[in-house]
Amino acid sequence: MPSVYIKTYGCQMNERDSEAVAAQLVTKGYTLAASEHVADVVLLNTCSVRDNAEQKAINKMENIAGDIRKHRPNVVLGFLGCMAQSRGQELIDRLPDVDLVLGTQKFHRTADYLDELLAGKRNKVVDTAEEPGSEGTIREHLLHGNARNKSVTAFVSIMQGCNQYCTFCIVPYTRGEERSRPPEDIVAECRQLVAHGVKEITLLGQIVTSYGRRKTPHPASLPSPHPMGRGQGEGKTPFVQLLEVVHEIEGLERIRFTSPHPKGYGDDLVEAYAQLPKLVESAHLPVQSGSDRVLKLMHRGYTRARYLEIIRKLRAARPRIGITTDIIVGFPSETEADFTETLSLCREVEFDNAFLFKYSRRKDTPAAALPRQLPEPLIEERHARLLALINEIGGRKYSEFVGRQMQILVEGPSRKNSARFSGRTRCNKIVVFDGSERHRGELMDVKITRAGLFTLYGDPAILNL
Ligand code: 5AD
């Protein structure tokens, strides 16, 4: 059987989609190749959220086509996911070596199309059509039976698409309308993962807080998607109701979710943080800007004051909650005064970490047509100033952990130093320590001995003294 190599760009949703595709192909008898150099099929699962993500995938495909394909002409090359969705046939026109272009609602068709391409029945395949019910097809996992590869954390897709239409964002166009999976399917998938040893589940979607808010026409073969619709759960949103049912799963230790939207942080979700102990004290709350004028232009649906109120309520519910955010620097027409508002918001909130993005003009988005697009050097300069502030605040916040005892879930060897192990605290901080394979998957207490930039170092042995 052929071997496949899948390289993923972008967010956790893309990682999850790639995993589901890999699981699908393994079920069909494919093997997973260690690199593109030895694979019979190379798939790039792409990201469109910023231009540099698109360029990376295009450059990679050019290299693969020019290098690998020259020596092995029968290798099948494909683009999957967001950029495939937004560019479609144009990708093959530009890179004629590409055989397959598969959009975001078609991941489950990968095996069938590859069969046809490998058998020579078709020369090229481009499929970016919408497909009702496709949100329910991201459900297969690569669960390894042996201890070495055993996953202790897993991602579960709960919804696809986004209807928020932030003016900078391409996601509504690449991922389509919001479509949610039925809660019983999600719970069944979570239960199965827990039965295989998974202890921490991250619920995933482009805007998870909008889970179950929109009725979508479903094929008759699927159960009704919204048996817990608003009204039956004492005014709680379907997302909070979903958290509650997932929370009941015995053996599950930790629940995370990403990405939420601040407008979804109603009192019911804040209350969930207080009521549900498995829901970790961690929240990623993308703020994007500290200026009300810019937030309005972005179509974010909240003000700076409302955002700060949410943070205050979350900290009242869980004083040690770790809060991270996303910020866009240099949105069209952003003035020095607007940017100063972003700086002051960061000082006020004291984010544990923030992911900073230089504004990137995306095809067909409303912000692309706004006047006063900022010059690159100005964006660079603001980005550097904000980064310095985020690092300063993060450094201070991380150093406050030194001397504390914290629970970590051990994930495996440290990414930066494979001789050491790493785990994650409930508040989503990486802790590196001297561990070994026997620690993998363990929930253990460590004492924090040192703080680096966005990394903590711990010692489990000190606790036994
Ligand atoms: N330019 C820069 N950053 C963007 N993001 C989304 N669209 C753009 C864009 N056009 C950022 C937002 C979002 C994160 C995933 O990517 O901050 O939260």
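Assorted remarks:
- Residues in segment 41-71 that are over 14 Å from Val98 (Cβ atoms) and without any contact (Cβ under 8 Å) to a residue 12 or more places away in the chain: Gln55, Asp67, Lys70, His71.
- Taking the conditions (1) within 11 Å of the ligand (Cβ to nearest atom); (2) within 30 Å of Ile201 (Cα to Cα); (3) basic (Lys, Arg) in turn, Lys358 satisfies each one other than (2).
Per-residue answers, yes or no, for (1) in contact with a strand residue (DSSP E or B) (Cβ under 6 Å, 6 or more places away or on another chain); (2) more than 16 Å from the ligand (Cβ to nearest atom); (3) modelled with pLDDT of 95 or more:
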residue: Leu25; (1), (2), (3): yes, yes, yes
residue: Leu43; (1), (2), (3): yes, yes, yes
residue: Arg50; (1), (2), (3): no, no, yes
residue: Ile58; (1), (2), (3): no, yes, yes
residue: Val76; (1), (2), (3): yes, yes, yes
residue: Gln89; (1), (2), (3): yes, yes, yes
residue: Asp99; (1), (2), (3): yes, yes, yes
residue: Gly103; (1), (2), (3): no, yes, yes
residue: Asp112; (1), (2), (3): no, yes, yes
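- Test: residue in segment 150-163 that is more than 30 Å from Gly423 (Cβ to Cβ), in contact with a helix residue (DSSP H, G or I) (Cβ under 7 Å, 6 or more places away or on another chain) and among the aromatic types (Phe, Trp, Tyr): no
- Where strands (runs of 3 or more DSSP E) fall wholly inside segment 253-345, the ranges with 3 or more residues that are within 16 Å of the ligand (Cβ to nearest atom) are 322-329.
- Unique match (being over 28 Å from Arg320 (Cα atoms), modelled with pLDDT of 95 or more and in a helix (DSSP H, G or I)) among Glu348, Glu381: Glu381
- Residue selected from segment 252-284 under the condition small (Gly, Ala, Ser) and buried (at least 19 other Cβ atoms within 10 Å of the Cβ), by the criterion farthest from Ala154 (Cα to Cα): Gly264
- Close pairs (7 angstrom Cβ cut-off, 6 or more residues apart or separate chains): closer than 16 Å to Gln12 by Cβ and at pLDDT 95 or above in segment 130-159, in a loop (DSSP other than H, G, I, E, B) and aromatic (Phe, Trp, Tyr) anywhere: Ile158/Tyr211; Met159/Tyr211
Yes/no matrix, rows are residues, columns are (1) of a type in the set (A, V, I, L, M, F, W, C); (2) on the phi > 0 side of the Ramachandran plot; (3) within 21 Å of the chain's Cα centre (by Cα):
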position: Gly322; (1), (2), (3): no, no, yes
position: Asp338; (1), (2), (3): no, no, no
position: Cys346; (1), (2), (3): yes, no, no
position: Phe351; (1), (2), (3): yes, no, yes
position: Phe355; (1), (2), (3): yes, no, yes
position: Glu380; (1), (2), (3): no, no, no
position: Arg385; (1), (2), (3): no, no, no
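- Only one entry of Leu389, Leu443, Leu378, Leu456 meets the criterion of being surrounded by 13 or more Cβ atoms within 10 Å (Cβ to Cβ) and within 16 Å of the ligand (Cβ to nearest atom), and that entry is Leu378.
- Residue in segment 27-40 that is in a helix (DSSP H, G or I), away from the ligand (no atom under 16 Å from the Cβ) and free of Cβ contacts under 8 Å to residues at least 24 places away in the same chain present: no
The values are calculated or read from the model by the stated rules, or taken from the named source; none is laboratory data. What you see is a predicted model; the values in this text were computed from it and never measured. Cβ: placed from backbone, ideal geometry, glycine included. Neighbour counts: every protein chain shown.
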